[in-house]
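Below: one structure, written as structure tokens.
Please treat every number below as a calculation from the coordinates, not as lab data. All values reported here derive from a predicted model rather than from experimental measurement. We place every Cβ from the backbone using ideal geometry, glycine too, and count neighbours over all the protein chains shown.
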Amino acid sequence: MDKVVPPNDRTWNTASWTPKLRGAKYCSRACGNGCTKAEYVAAVKKGEALAKAVGNGFKPRVWENMGWYYSAVKGVAAIHPNHDGTYTCYFNSTPQFVTTSVDPQVALYSAQAHAERHVELTLQQLKAIGAKMS
């Protein structure tokens, strides 16, 4: 992974959020935390390991915001490590489903199951009112 993935918001300013290597420090002006190259490399490795553990085409995402962080992402799903050793899956659909487990795959499958159940219930409700289904 050669570059930092920007967050999805309008406040992103490439110049202020581009990390610069200064000795052992690898930090951007906007962060200002004094992040290190070693922390960045560790986040990249952990992100790659998480994406590999989840499998199925997930990709690592690494970003900086008062430290280096990582997740594994694919489509609407993002899996983040927590400080207590668990993983949270954010299934960013409408509605959003958020699940946590000690296993990142279980967190993902649980969020998928909630989304599938929501679809089933919605289809049942549409059928109940006589909606035409295509």
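Things to note:
- Seen from Val73, the other residues with C-beta closer than 9 Å to its C-beta sum to a net charge of +3, counting Lys and Arg as +1 and Asp and Glu as -1.
- Amide proton proximity set for Cys27, modelled H, under 5 Å, gap of 5+: Lys20, Arg22
- Neighbour net charge for Tyr87 - beta-carbon separation under 13 angstrom, K R +1, D E -1: -1
- The Cβ shell under 15 Å around Leu123 holds other residues with a net charge of +1, Lys and Arg each +1, Asp and Glu each -1.
- For region 26-38, the Karplus equation 6.51 cos²θ - 1.76 cosθ + 1.60, evaluated at θ = phi - 60°, returns couplings of 9, 8, 9, 4, 5, 6, x, 7, x, 4, 10, 4, 4 Hz by residue, with Gly and Pro reported as x.
- Within straight-line reach of Lys74, meaning a Cα separation under 29 Å, sit the following lysines at least 8 residues removed in sequence or on another chain: Lys3, Lys20, Lys37, Lys45, Lys46, Lys52, Lys59.
- A viscosity of 0.890 mPa s and a temperature of 25 °C, combined with the Kirkwood radius over Cα pairs in Stokes-Einstein, give a translational diffusion coefficient for the chain of 147 µm²/s.
- Relative contact order (%) - the chain, alpha-carbon pairs under 8 angstrom, separation at least six: 13
- Taking 0.36 nm per residue of separation and subtracting the Cα-Cα distance, full extension of the segment from Asp84 to Val41 would add 13.3 nm.
- Cys31, Cys89 arranged by Cβ crowding within 10 Å, fewest neighbours leading: Cys31, Cys89
- Taking Cα atoms only, the orientation of helix 104-128 departs from the longest principal axis of the chain by about 30 degrees.
- With neighbours defined as other Cβ atoms within 10 Å of a residue's Cβ, the residues Ile79, Ile129 order from fewest to most as Ile129, Ile79.
- Between Glu116 and Lys20, the distance separating the two model label sites (each 7 Å from Cα on the Cα→Cβ line) works out to 5.1 nm.
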